[in-house]
Amino acid sequence: MDAMELDRRHFVAAGLSLGATALAVGGQPQLSTSQDASKRIRVGVIGCGSVSGSYLPHLAKCPYAEVVSLCDIRPERAARRAAEFKIGRHYPHIDQMLAGEPFDLLVNLTDMQEHEHLNREALASGKHVWSEKPIANSLAAGEELLALAKQKNVRLWGAPVVVTSPQFAFMAKTIASGALGRLAAAHADYGHTGPTWSSFFYEKGGGSMPDLAVYNLTTLTGLLGPARAVAAMVSIVTPQRSIDEKGEIAVAEEDNAMVLLDHGNGVISHTQSGFNYFNPHGHSGAHEERHTIAIVGNRGLMGLAGYDWEPRGVDLATEEHPQFRRHAPDAEGYVWQQGASLAAESLVTGKELLVTPEHALHVVEIITAARESQATGRRVELASTFKWPLVA
């Protein structure tokens, strides 16, 4: 083992040992337990489609959040969710929502092409924002959003929350311990045969990378560190799609992607994603047991069973124990839709999240660089980074 690898290992271990000693939001003192119980963040949710059916039940049970208004460009959807979850106000447009019932935190669950401008409007109005992925369509635009948030003294976060799972924590600590030896490579994949309920997945600004690969790219960069460069091939396998309520549409963004990342120190990772991947478990991938993420070194191999957004455990084999052993089999309350609830908790208690906008924007840059690599046939160097290693 060379000095650089030893220093890196000590650095990762030191970062992980910080545990729950997180910084307070905005440098303010953390609130006491009694103060926590007396304060709830008022939440407005925009986008009342299918994803809201997962977010709203979690927010309804969150002791730090109170959903006070909903918004959707289809007013009947907002009205239906308002009745279902007993929410007093609902609106057909964000301008009316921002001018209506007061709230503190906007939860953005709209089509991915709409996230950037809606996040900008909410931040400009002095609202904190939790956004489904992606939080912006480019690194430059995302950096402008972060600057606006700082100017307005509000917070911005974005999905996914895969770095908050106990399985991610186990994998990070295993790498830090040196159990895998000198790291060499990692592979991740996520795919299905593609949604039919909306066309935005296939329109410009959509695609399999911001919808699917975003999870794996977040996990791999969270475990292995920020990527320095990207080389990729992306393609459209199915040029026409049949969409509910619309019929046949032309596909404008990739539905198949292979992305290589250079993490430095010789470590290379590969992510594949697509809307043409048969899965015997169906679109949801429920009960998936195969290793969708694998990390290998010269002394050990580690595989995440199931998807990183719904992990089932981590299998580890090393020189000392060459047969796979299952670790971290319990989700311990982790679910992919918990991000807005975590944001509300952070705003009340001052507990910082492992999820950061800088990490989310790094993944946005990877996605745009992958498309650039396909267009130019070249390796693309990256400019962004984020604080790493993550505390887990």
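Contact order, relative form, for the chain: 21 percent (alpha carbon pairs under 8 Å, 6 or more residues apart, mean separation divided by residue count). Its residue count N fixes a reference of 2.2 N^0.38 Å for region 31-158, and the Cα radius of gyration divided by that reference is 1.02.
Charging the Cβ of each Asp and Glu at -1 and of each Lys and Arg at +1, and nothing else, the dipole of the chain about its Cα centre rounds to 680 debye. For the cross-link pairs Lys150/Lys351; Lys61/Lys387; Lys150/Lys173; Lys61/Lys204; Lys61/Lys351, the ones whose C-alpha atoms lie over 24 Å apart are Lys61/Lys387; Lys150/Lys173; Lys61/Lys204. Candidate values (i) -0.41, -0.80, -1.13; (ii) -0.47, -0.88, -1.22; (iii) -0.60, -0.76, -0.98 were compared with log10 I(q)/I(0) by the Debye sum over Cα atoms at q = 0.08, 0.11, 0.13 Å⁻¹ computed on the shown model; the agreeing label is (i). Its alpha carbons considered, region 149-255 gives a radius of gyration followed by a Dmax of 17.9, 53 Å.
Of the residues Ala340, Pro311, Ile293, the one whose Cα sits farthest toward the positive end of the charge dipole of region 253-392, with +1 on the Cβ of Lys and Arg and -1 on the Cβ of Asp and Glu, is Ile293.
Restricting the chymotrypsin sites (Phe, Trp or Tyr not before Pro) of region 152-234 to loop positions (DSSP other than H, G, I, E, B) with no more than 15 neighbouring Cβ atoms within 10 Å leaves Trp197.
For region 31-149, the residue among Ile135, His58, Gln113 whose Cα projects farthest onto the positive side of the dipole built from Cβ charges is His58. Counting only other residues whose beta carbon sits under 12 Å from that of Tyr307, what net charge do I get with K and R as +1, D and E as -1? Cβ neighbours under 12 Å give a net charge of -3.
For the pair region 198-219 / region 237-266, the C-alpha centres are spaced 7 Å from each other. Compute the separation of the alpha-carbon centres of region 337-392 and region 81-146 and state it in Å as a whole number. Between the Cα centre of region 337-392 and that of region 81-146, the gap is 19 Å.
Highest mean packing first, where packing is the average number of other Cβ atoms within 10 Å per residue, the peptides 249-257, 274-282 line up as 249-257, 274-282. The sum of -39500 (n - 2.57) across all DSSP H runs of n ≥ 4, divided by the residue count of the chain, sets its helix-only mean residue ellipticity at 222 nm to -9500 deg cm²/dmol.
What helices in the chain pass both tests, a Cα length along the helix axis of 24 Å or more and a mean Kyte hydropathy of -1.0 or higher, using whole DSSP H runs? Span-like helices in the chain: 357-376.
Using only the C-alpha atoms, the convex hull of region 234-292 corresponds to 116 Å³ per residue.
All of the numbers you see were taken from the coordinates with simple rules; none came from a lab. These figures come from a predicted structure and were not determined experimentally. Don't worry about glycine lacking a Cβ; one is built from the backbone with ideal geometry, like all the others, and counts go over all protein chains shown.
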